[in-house]
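The next block holds one structure in the form of structure tokens; read it before the comments.
The values are calculated or read from the model by the stated rules, or taken from the named source; none is laboratory data. Everything numeric in this text was worked out from a predicted model, so none of it was measured. With ideal geometry, Cβ positions are generated from the backbone for all residues, glycine too; neighbour counts draw on all protein chains shown. Side chains included, ligands, DNA and RNA excluded: accessible areas come from the protein's heavy atoms. Shrake-Rupley method; radii C 1.70, N 1.55, O 1.52, S 1.80 Å.
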Amino acid sequence: MKFWFDTLRSRLLLTFITYVLYMLLYFLTDEVMRDFYLEKHPVWDYVVDILTTLVCVFFFVQLSICYSKVIYRRFVSLAHPYRSLIVFFVR
């Protein structure tokens, strides 16, 4: 079965959305991060921070997709629909 996020374009879009949500939450909750982005720093510091965060978020998204596909293949079956429901609820 092919999922909507099996294309690179969809995975990059999901990575971008996750990055934006992560940065918004980080900006709202961390005072040190706010100070870092609101003060004057060299552009290279911002580029390194953004690229590092994007790479980490991309790997997290890839691991999440892989985990979901493995769980789906392992536990979803029409013979035992309640077991599949419990696995999706618990994971």
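Can you confirm whether segment 54-74 contains a residue that is more than 23 Å from Thr7 (Cα to Cα), open to solvent by less than 70 Å² (accessible area, probe 1.4 Å) and in a helix (DSSP H, G or I)? So far as segment 54-74 goes, no, none of its residues is more than 23 Å from Thr7 (Cα to Cα), open to solvent by less than 70 Å² (accessible area, probe 1.4 Å) and in a helix (DSSP H, G or I). Please determine whether any residue of segment 21-34 is open to solvent by 80 Å² or more (accessible area, probe 1.4 Å), modelled with pLDDT under 90 and more than 17 Å from the chain's Cα centre (by Cα). Among the residues of segment 21-34, at least one is open to solvent by 80 Å² or more (accessible area, probe 1.4 Å), modelled with pLDDT under 90 and more than 17 Å from the chain's Cα centre (by Cα), which makes the answer yes.
Is it the case that Phe88 is touching a helix residue (DSSP H, G or I) at 6+ places or on another chain (Cβ under 7 Å) and either on the phi < 0 side of the Ramachandran plot or modelled with pLDDT under 85 (or both)? No: the conditions fail for Phe88.
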